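The values are calculated or read from the model by the stated rules, or taken from the named source; none is laboratory data. Here the structure is a predicted model, which means the values were calculated and not measured. Neighbour counts are summed over all protein chains in view; Cβ atoms, including those assigned to glycine, are modelled from backbone coordinates with ideal geometry.
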Amino acid sequence: VITGDDYSDLLEVRKKKIGRNLSIGYQDKLKIVKGALQYLYDDKGRTFVDCVNNPSHVGHCHPVVVRRMQKQIATLNTNTRYLNDAITAYAEKLTATLPSKLSVCYFVNSGSEANDLAIRMSRHFTKQKDIIVLDHAYHGTSTVAMEMSPYKFDSKGGFGQMPWIHKAINPDLYRGPYKYGDTNAGEKYAADVQRIIEDLKEEDKAPAVFICETLLGVGGQIPLPENYLKTAYDYVRAAGGVCIADEVQVGFGRIGDHFWGFELQNVVPDIVVLGKPIGNGHPLAAVIVTEEIADAFSNGMEYFNTFGGNPVSMTTGLAVLDVIQEEEMQQHALETGNHLMDGLRKLMAKYPIISDVRGHGLFIGAEMVKDRSTMEPAVSEIDFVVEKMKAHGYLLSTDGPLHNVLKIKPPMTFSKQNADEMVRLLDIALSEL
Ligand code: PMP
């Protein structure tokens, strides 16, 4: 194990010149200088397997994506006020992956910006302001996205909950009030959304929006219980609200069984928000809406976005979709993810500290507790495991409101061999606790 320099000079300049409220991972800092598919390389020539970087969806510096980006950026990059083939080709290819009613695209530059726009459009459409979110959710860093992110506004330094924001309980089958084995848990959790709608009604209000990830990321890598979204969407629509699916972390084939997270729940949202993976690390995000919502938004005021939809971004998006399809990455995510979850469940049988393994495809969480009966989060232990795994060349992270969920969402090229090795190394790290 090489422990590395302390990079004090670099850290000093960062401290002075870069915004300070940005944490840097790991006790011994990493200086990554190169990436290739699921691998990252540091300045000391060490190789790491990247188990968390879902924005590098088809792999760091995937050669097909890089080549097509290079060709486009050497040819033209400008705004969308000129006709260009890439934007329409991408809109057609992207909407072909979605149910037909989701047909109109708005291209932006980040997930935060996409969520912000999605909220603006929903408010135009419904003429309402109130938003229902899930507790612990994160939807981004713009002012509006922060307002709908309990993960931020409830945290240290947060500005608290705005009066037009309403938190529904996290449908967490492990930790929440309705647990695994409760066949009506989805409906019971969705009843909390209806409770909010009824409270609003008392004040002569109605929700503009219900926004929810289709598997919960920052909330703790949580697949939604069966019928949750269907029931919640029915309640929201009956009250005149719009249902937004935030697919920024989970969409684009990652979950294996389906291309989109909402398909696991048999629903069709009114708005889908995409980000991170769709540009493979290039700043590209999108809002895709129904004709009706697009019409309501087209009210005379122009919507123009300097970088959104530019030819380089669109070419990148097209290349990413081509690679996913040509390399059958969705199927690969399904098989590799199931294989990895099998391995993690074997560890769960051996080590009581792992109390839940959950996920779909290559979107996986493993919850760690000190005691299975009290469910006390194993915080120092999970930090120990993550550091140990890093020393062995596997980069993992933690998530969840209690900071006790191992978060696994690697580039889609992550292999079965990587999965086997990860499980073998986790076994060693857990045995050292
Ligand atoms: N939505 C979700 C679910 C996210 O996880 C994130 C980023 N972690 C965002 C939105 C915001 O995306 P960005 O950082 O690209 O603004």
For this session: Starting from segment 285-312, keep only residues that are closer than 21 Å to residue 90 by Cα, then list their pairs with residues that are of a type outside the set (Lys, Arg) and surrounded by fewer than 13 Cβ atoms within 10 Å (Cβ to Cβ) whose Cβ atoms are within a distance under 8 Å, requiring at least 6 positions of separation or different chains.
Result: 310/78; 311/75; 311/78
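Mind listing whichever residues of segment 316-328 are touching a Lys or Arg at 6+ places or on another chain (Cβ under 9 Å) and either surrounded by 20 or more Cβ atoms within 10 Å (Cβ to Cβ) or not acidic (Asp, Glu) (or both)? So that I can check it myself, show each step before the final result.
So in segment 316-328, the residues touching a Lys or Arg at 6+ places or on another chain (Cβ under 9 Å) come out as 316-319, 321-322.
Correct list: 316, 317, 318, 319, 321.
Identify, from the list 102, 30, 40, 98, the residue that is surrounded by 14 or more Cβ atoms within 10 Å (Cβ to Cβ), in contact with an Asp or Glu (Cβ under 6 Å, 6 or more places away or on another chain), part of a loop (DSSP other than H, G, I, E, B) and not charged (D, E, K, R). Walk me through it before giving the result.
Working: 102 fails: in contact with an Asp or Glu (Cβ under 6 Å, 6 or more places away or on another chain); 40 fails: part of a loop (DSSP other than H, G, I, E, B); 98 fails: in contact with an Asp or Glu (Cβ under 6 Å, 6 or more places away or on another chain).
That would be 30, the only listed residue that is surrounded by 14 or more Cβ atoms within 10 Å (Cβ to Cβ), in contact with an Asp or Glu (Cβ under 6 Å, 6 or more places away or on another chain), part of a loop (DSSP other than H, G, I, E, B) and not charged (D, E, K, R).
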Exercise. Which residues, counting only those in segment 221-246, are under 18 Å from residue 172 (Cα atoms) and part of a loop (DSSP other than H, G, I, E, B)?
Worked result: 221, 224, 225, 226, 227
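Residue check: is residue 108 touching a strand residue (DSSP E or B) at 6+ places or on another chain (Cβ under 7 Å), surrounded by 17 or more Cβ atoms within 10 Å (Cβ to Cβ) and farther than 30 Å from residue 175 by Cβ? Steps first, answer last, please.
Working: touching a strand residue (DSSP E or B) at 6+ places or on another chain (Cβ under 7 Å): yes; surrounded by 17 or more Cβ atoms within 10 Å (Cβ to Cβ): yes; farther than 30 Å from residue 175 by Cβ: yes.
Answer is yes for this residue.
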Exercise. Between a first residue in segment 96-114 that is more than 17 Å from residue 310 (Cα to Cα) and a second residue that is within 16 Å of the ligand (Cβ to nearest atom) and among the basic types (Lys, Arg), which pairs have beta carbons less than 9 Å apart while being 6 or more apart in sequence or on different chains?
Worked result: none
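Would it be correct to say that residue 277 is more than 11 Å from the ligand (Cβ to nearest atom) and either buried (at least 24 other Cβ atoms within 10 Å of the Cβ) or modelled with pLDDT under 95 (or both)?
So residue 277 fails the test.
When only residues in segment 228-259 that are of a type outside the set (Val, Ile, Thr) and touching an Asp or Glu at 6+ places or on another chain (Cβ under 6 Å) count, which is nearest to the ligand (Cβ to nearest atom)? First the steps, then the outcome.
Of all residues in segment 228-259, those of a type outside the set (Val, Ile, Thr) come to 228-230, 232-235, 237-241, 243, 245-247, 249, 251-254, 256-259.
From what is left, the residues that are touching an Asp or Glu at 6+ places or on another chain (Cβ under 6 Å) are 243, 246.
Numbers: 243: 15, 246: 5 Å.
Here the residue is 246.
Can you confirm whether segment 290-297 contains a residue that is crowded, with 24+ Cβ neighbours inside 10 Å and among the hydrophobic types (A, V, I, L, M, F, W, C)?
So the first thing to find is which residues in segment 290-297 are crowded, with 24+ Cβ neighbours inside 10 Å, and the list is none.
Within segment 290-297, none of the residues are crowded, with 24+ Cβ neighbours inside 10 Å and among the hydrophobic types (A, V, I, L, M, F, W, C).
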Exercise. Can we say residue 143 is under 22 Å from the mean Cα position of the chain (by Cα), β-branched (Val, Ile, Thr) and within 16 Å of the ligand (Cβ to nearest atom)?
Worked result: yes
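Mind telling me which of the residues 395, 425 ends up being in the same structural domain as residue 53 (by TED's automatic domain parsing) and touching a Cys at 6+ places or on another chain (Cβ under 7 Å)? It would help to see each step written out before you state the result.
On the way: 425 fails: touching a Cys at 6+ places or on another chain (Cβ under 7 Å).
Among 395, 425, only 395 is in the same structural domain as residue 53 (by TED's automatic domain parsing) and touching a Cys at 6+ places or on another chain (Cβ under 7 Å).
Collect the residues in segment 105-121 that are more than 14 Å from the ligand (Cβ to nearest atom) and either part of a strand (DSSP E or B) or outside the structural domain of residue 166 (by TED's automatic domain parsing) (or both), keeping them in residue-number order.
Quick first cut of segment 105-121, residues more than 14 Å from the ligand (Cβ to nearest atom) only: 105-106, 120-121.
105, 106 - these are the residues of segment 105-121 that are more than 14 Å from the ligand (Cβ to nearest atom) and either part of a strand (DSSP E or B) or outside the structural domain of residue 166 (by TED's automatic domain parsing) (or both).
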For this session: For residue 287, state whether it is under 21 Å from residue 96 (Cα atoms) and either within 16 Å of the ligand (Cβ to nearest atom) or β-branched (Val, Ile, Thr) (or both).
Result: yes
Problem set entry | Restricting segment 122-140 to residues that are in contact with an Asp or Glu (Cβ under 8 Å, 6 or more places away or on another chain) and within 11 Å of the ligand (Cβ to nearest atom), the residue that is nearest to residue 401 (Cα to Cα) | 137
